[in-house]
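Below is one structure; the comments refer to it alone.
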Amino acid sequence: MATLLRSKISNVATSVSHKSQAKMSGMFARMGFQAATDEEAVGFAHCDDLDMEHRQGLQMDILKSEGSEEGGEPPLEGDIHYQRDGTGPLPPSASKEACSELSGQGKPKITAWEAGWNVTNAIQGMFVLGLPYAILHGGYLGLFLIIFAAVVCCYTGKILIACLYEENEDGEIVRVRDSYVDIANACCAPRFPTLGGRIVNVAQIIELVMTCILYVVVSGNLMYNSFPNLPVSQKSWSIIATAVLLPCAFLKNLKAVSKFSLLCTLAHFVINILVIAYCLSRARDWAWDKVKFYIDVKKFPISIGIIVFSYTSQIFLPSLEGNMQNPKEFHCMMNWTHIAACILKGLFALVAYLTWADETKEVITDNLPSTIRAVVNIFLVAKALLSYPLPFFAAVEVLERSLFQDGNRAFFPNCYGGDGRLKSWGLTLRCALVVFTLLMAIYVPHFALLMGLTGSLTGAGLCFLLPSLFHLKLLWRKLLWHHVFFDVAIFVIGGICSVSGFIHSLEGLIEAFRTNAED
């Protein structure tokens, strides 16, 4: 009885400490798929998944406690942890009640067009500016890789969603998982029921933090090239940008920032159109002879990471599909969004490279004439600064939940007090994370190298390797031979590209770090 009482008290305390996060996650679910969408929308979708996992875990604790009170046989300790993590299906006796409670939250659904808008924002974001640089080192093979990456990412997105479903006793296909973490945990169960989720969380944290670093790098780069006559270095511009971003550590919600982010996303599409229009005005001078069937062996693997990173969206697809009014339209939505992305990215990269050829820079707007470069770059800097809080806050949420709020398995004390307020040392750690992104941006101020490293490490893993591996592990008995062939081929090719791109990007970063250290 004492154990049961302590369990209930613990559940109530956990519910109170997560109250603010749950409200915020509910807000993300209500408006995040319409306003808070960008290439970093992965963080918001994952916050919604964390809220779902918490509520499901809390429901399971209550059900387990009630079963113990009725004299039922207590479950094994490992089974309790498995259910609390949201990595397994609910017990048959409680599944209907728990599902009805979870589905009765009144969460609004989105249409296929709204879902497509989210995916489009994720794969047509600011990092498209680095694609012409990939063509510089890959030629026509770089264009082919843009098409190939679109096809593969579209396919892996579909098979990832297929891993959310299983066939029940009546032969019906039902959704038994809610997130990428659930799929990963299911593949590692029963021996290591939380290992897969931790791997996915680590990959996501790396990608989110690297995204923050890229925003600081691109802000310093754009401002330095916009005002080259000012006695301010790129590092100094990065410090100024970080000073503007430091209040992100105090954020409790992102409602206002999300609205600005939507406006900046629309402005970014306008900027892309302006860049293409300028390139078309110089169509007579296009250097078609510069586009060849060759690759720069040392730098092309970095281009692979750049292209892959520009397509990353898999991490938030499970939550997106679960919030669609008609999930059957998911496949069609994935098709037209990736076809559109492939066409727009290919055209943007090609016409930009044809315009500047061998003079193409890492961030293509730096090639624009000084008369319009400053205006365009200022808009892009505003877009970057207003987008920074989204991946930053998502990374903080995952870190806090994994290290400070995971019940008895947390590595450190809870960073929130009993009243739900962030403790002073927790705020210090948030500020330290902002400063860390600045230090990385100062010592490695290379947009293409960082983007290539991130795409090769986490982008290829989350988009190529893990979806194909999970698909084979969970559904291999029902797969046709050509699905098995595609999964194995994607895993092998993705692994080779990932390792090659990671090694070359890491070598470039180490060399750049040494050069900056000497200076």
Please give the solvent-accessible surface of Asp178 in Å², to the nearest 10, using a probe radius of 1.4 Å with every protein chain present. 50 Å²
Accessible area of Cys342, 1.4 Å probe, to the nearest 10 Å²? 20 Å²
What order do you get for 343-352, 320-329 when each peptide is scored by the mean count of other beta carbon atoms within 10 Å, highest first? 343-352, 320-329
Whole angstrom only: what separates the Cα centroid of region 204-233 from the Cα centroid of region 491-506? 25 Å
By accessible area with a 1.4 Å probe, ligands and nucleic acids excluded, highest first: order of Lys292, Lys298, Lys235, Lys158: Lys298, Lys292, Lys235, Lys158
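Just the number, please: carbon plus sulfur as a percent of the accessible area of region 112-518, 1.4 Å probe, no ligands or DNA/RNA counted.
68 percent
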Within the under-15-Å Cβ sphere about Leu453, not counting Leu453, Lys/Arg +1 and Asp/Glu -1 give a net charge of -2
Just to confirm a number: summing +1 for Lys and Arg and -1 for Asp and Glu over residues other than His504 whose beta-carbon lies under 14 angstrom from that of His504, what do you get? -1
Which residues qualify? For Ile110, with a placed amide H closer than 5 Å and at least 5 residues away or on another chain, they are Met324, Gln325
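Stokes-Einstein D for region 112-518 at 10 °C, 1.306 mPa s, Kirkwood Rh over Cα pairs, in µm²/s?
The estimated diffusion coefficient comes to 71 µm²/s.
May I ask you to rank Glu166, Glu362, Glu172 by accessible area, largest first, using a 1.4 Å probe over the protein chains only?
I get Glu172, Glu166, Glu362, largest accessible area first.
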Residues of region 112-518: accessible area per residue at 1.4 Å, in Å²? 44 Å²
Where Ile173, Ile493 fall by accessible area, highest first, once all protein chains stay in place (1.4 Å): Ile173, Ile493
In the structure displayed, which of Lys328/Lys478; Lys299/Lys383; Lys158/Lys328 lie more than 22 Å apart, Cα to Cα? Lys299/Lys383
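Net charge within 15 Å of Gly139 by Cβ-Cβ distance, Lys/Arg positive one each and Asp/Glu negative one each, not counting Gly139 itself?
So the environment of Gly139 carries a net charge of +1.
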Could you pull the accessible area for Trp336 with a 1.4 Å probe, rounded to 10 Å²? 80 Å²
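For region 322-401, build the convex hull from the C-alpha positions and give me its volume per residue in Å³.
158 Å³
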Kirkwood Rh, angstrom, region 121-197 [1 / mean 1/r, Cα pairs]: 15.5 Å
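The values are calculated or read from the model by the stated rules, or taken from the named source; none is laboratory data. Remember, predicted model here, so these are calculated numbers, not experimental data. Virtual Cβ from ideal backbone geometry, glycine too; neighbours counted across all protein chains shown. In case anyone asks, the SASA skips ligands and DNA or RNA and just uses the protein heavy atoms, side chains included. Shrake-Rupley method; radii C 1.70, N 1.55, O 1.52, S 1.80 Å.
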